[in-house]
Amino acid sequence: MTRAAAAVAVAVTVGSSLPVTAAPDGATIYSDLCASCHGETRLGGVGPALIPEALKRLRGASLEDVIAHGRTATQMPAFSQTIGPEDIKSVAAFISAPLDHVPTWTEADIRDTLVTNTDYSAADAPLFDANPMNITLVVETGDHHISVLDGDTFDVLDRFETPFAVHGGPKFSPDGRYVFVMSRDGWVQKYDIWSLAEVARVRAGINSRNVAMSADGKWLAVANYLPHTLTILSTDTLEPAQIRTITAADGTESRVSAVYQAPERESFILALKDAPEIWEIATTEDGGPFFDGFVHSHEAGMKEALSDEVGLFARRRILVNEPMDDFFFTPDYRNLIGTSRSGDRGVVVNLDVGREVASLPLPGMPHLGSGISWTSQGRQVMATPHLGEGRLSVIDTADWSLVKSIETLGPGFFLRSHENTRYVWADVFMGPHKDKLHILDKDTLEIVRTLDPDPGKTVGHIEFTMDGSHALVSVWENDGALIVFDSETLEEVRRLPMSKPVGKYNVWNKISFSDGTSH
Ligand code: DHE
């Protein structure tokens with residue numbers, strides 16, 4: 001694009017040549033200074049995509065700040081010496097403007113991005129002495145790396161670079177050998193834990209939400225906001241097996257809020273952002289155990305679920321009253337609870353019969369995706385933090401009644417436990433006491449201790465070792481740390497410096513679908 005063309009109006013090619021117009025100055029500067037790394041289309045290149053979907057937590061002053069001063073631990077330079085504050089403002093405004101068309105990202109586009117590591121060779125056995133089932137990965141978003149931790153000694157076995165801005169939990173192959181990591185720009189990276197090496201990476205979407213692994217380990221589903229698709233990759237080669245545009249029953253397209261793995265059902269479950277539907281996608285040739293009989297289960301007068309497809313990747317639609325996201329699944333994967341759009345209700349959907357079966361008042365934006373379940377005094381309960389209120393709600397999953405509302409020091413994001421511990425750990429970093437952690441007794445449902453591991457610092461996200469003997473906690477700062485606690489005495493036993501260690505993922509807890517952790 002030339003400066004002259006930009007001075008009139010800027011046409012930026014998006015995917016298969018869809019035009020986007022914007023104010024000339026910011027566009028010109030973008031074209032001159034930013035496009036070589038971030039792409040003429042703003043959809044990313046060596047640098048990340050610069051579109052509102054990717055920048056939404058970085059708008060305004062902080063976006064201008066990044067342009068002016070660069071980003072540490074990345075190749076993003078400081079432009080304050082090159083352009084003035086007004087220019088910075090206008091380029092920030094340009095990249096904050098939405099694209100005026102949904103970009104395409106075709107199978108050919110995906111295939112073109114597939115890069116295999118030519119130095120990789122698959123080891124016959126793990127290249128380390130540590131127990132491969134007790135490996136814990138620590139996603140460090142401060143400098144976009146993952147540390148591979150020995151869960152017994154807490155030694156770092158490897159530290160590898162990830163795509164920019166990893167989000168959501170990496171997903172392990174069922175044998176725990178491979179892990180698949182996703183970035184918000186839609187890159188999927190495959191890493192071989194035994195060989196301590198990257199295998200390949202591919203860009204499966206433009207703006208993505210999360211990934212899910214099929215029960216047989218053959219397929220990895222990538223939920224996308226842009227374009228409006230679910231991309232299913234072969235876990236073996238990372239080649240696309242299916243790219244499905246998400247079209248609701250009324251013909252409108254929807255973004256995918258998240259895709260979840262439902263191992264008991266041999267399916268993926270999709271939360272649709274823009275349509276009152278939940279989708280189930282079969283991951284076996286015969287459609288899996290829950291596709292049969294489904295058509296017979298709907299009752300007259302009820303909103304019905306529809307299955308008009310058969311075989312691998314067959315889709316069931318479950319019609320609900322309003323779009324829902326942020327799902328918690330009961331351990332048998334028969335029911336899910338989703339958050340209502342208003343954020344004040346949990347809606348229970350029975351996946352077998354394919355309809356809403358209960359609704360419970362959960363004011364204060366429950367964060368059901370972080371919910372965990374356990375047995376408390378003989379009954380199966382689940383608990384969820386709330387993003388809008390300092391509270392944990394404990395629910396009986398047999399009758400969906402509220403067992404207890406527990407006041408906390410502030411709104412929290414994550415909850416964690418393990419079969420071998422009597423405690424639940426809860427962070428509260430969404431509020432003023434961002435440095436505190438509550439310890440809750442699973443039976444009495446009382447907070448028994450409040451930890452203050454690093455006063456003044458943001459502390460959050462907990463993961464246990466394979467045997468539940470230790471809890472790993474993040475100090476969520478660029479010069480942060482991973483703190484290892486004895487999960488019985490609640491004493492700190494080790495502290496490792498880390499660069500904003502956002503999330504931690506233990507191989508065994510994930511592949512065994514431990515009740516105390518996210519799936
Ligand atoms: Fe997440 C998981 C959605 C903001 C850190 N987050 C997830 C998942 C979803 C989700 C659907 C489940 C994916 C999975 O693991 O398969 N997150 C959202 C949002 O909609 C929200 C609120 C807004 C957004 O920006 O998209 C959001 N998330 C955040 C953050 O601001 C966090 C705290 C910091 C960050 O890095 O973006 C954050 N989300 C995480 C983490 C997980 C996650 C660490 C994995 C948790 C786990 O233990 O499995």
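The values are calculated or read from the model by the stated rules, or taken from the named source; none is laboratory data. Computed from a predicted model, the values in this text were never measured in an experiment. Here the Cβ is made from the backbone with ideal geometry for all residues, glycine too, and neighbour counts use every protein chain on show. These area figures cover heavy atoms from the full protein model, side chains too; ligands, DNA and RNA do not enter into them. Shrake-Rupley method; radii C 1.70, N 1.55, O 1.52, S 1.80 Å.
Just need a number here: residues in the range 109-152 that are within 16 Å of ASP192 (Cβ to Cβ), β-branched (Val, Ile, Thr) and away from the ligand (no atom under 16 Å from the Cβ).
Total satisfying the criteria: 4.
Across the range 359-387, what is the number of residues that are part of a loop (DSSP other than H, G, I, E, B), open to solvent by 10 Å² or more (accessible area, probe 1.4 Å) and either over 16 Å from LEU415 (Cβ atoms) or of a type in the set (A, V, I, L, M) (or both)?
Total satisfying the criteria: 5.
Hey, can you tell me all the residues within the range 173-193 that are within 12 Å of the ligand (Cβ to nearest atom) and either assigned to a strand (DSSP E or B) or surrounded by fewer than 21 Cβ atoms within 10 Å (Cβ to Cβ) (or both)?
Of everything in the range 173-193, those that are within 12 Å of the ligand (Cβ to nearest atom) and either assigned to a strand (DSSP E or B) or surrounded by fewer than 21 Cβ atoms within 10 Å (Cβ to Cβ) (or both) turn out to be PHE180, VAL181, MET182, SER183.
Which of the residues that make up the range 353-383 are hydroxyl-bearing (Ser, Thr, Tyr) and under 12 Å from GLY516 (Cα atoms)?
Selection gives SER370, SER373, THR375.
Tally time: how many residues in the range 107-128 are open to solvent by 60 Å² or more (accessible area, probe 1.4 Å) and of a type in the set (Ser, Thr, Tyr)?
Summing the residues that are open to solvent by 60 Å² or more (accessible area, probe 1.4 Å) and of a type in the set (Ser, Thr, Tyr) in the range 107-128 gives 3.
Only one of these conditions is not met by ASP155: (1) more than 16 Å from the ligand (Cβ to nearest atom); (2) buried (at least 18 other Cβ atoms within 10 Å of the Cβ). Which number is it?
ASP155 satisfies all of (1) more than 16 Å from the ligand (Cβ to nearest atom); (2) buried (at least 18 other Cβ atoms within 10 Å of the Cβ) except (2).
Does the range 305-355 hold any residues that are of a type in the set (D, E, K, R) and either surrounded by fewer than 18 Cβ atoms within 10 Å (Cβ to Cβ) or in a loop (DSSP other than H, G, I, E, B) (or both), and which are they?
ASP308, GLU309, GLU322, ASP332, ARG334, ARG341, ASP344, ASP352
Cβ-Cβ distance below 7 Å, separation of 6 or more or different chains: which pairs start in the range 318-331 with a residue that is closer than 17 Å to ALA212 by Cβ and among the acidic types (Asp, Glu) and end on one that is part of a strand (DSSP E or B) and at pLDDT 95 or above?
Listed by first residue and then by second, the contacts come to ASP325/SER257; ASP325/ALA258; ASP325/ALA271; ASP325/GLY338; ASP326/GLY338.
Restricting to the range 251-275, name every residue that is away from the ligand (no atom under 15 Å from the Cβ) and open to solvent by 10 Å² or more (accessible area, probe 1.4 Å).
Within the range 251-275, GLY251, THR252, GLU253, GLU264, GLU266 meet the criteria.
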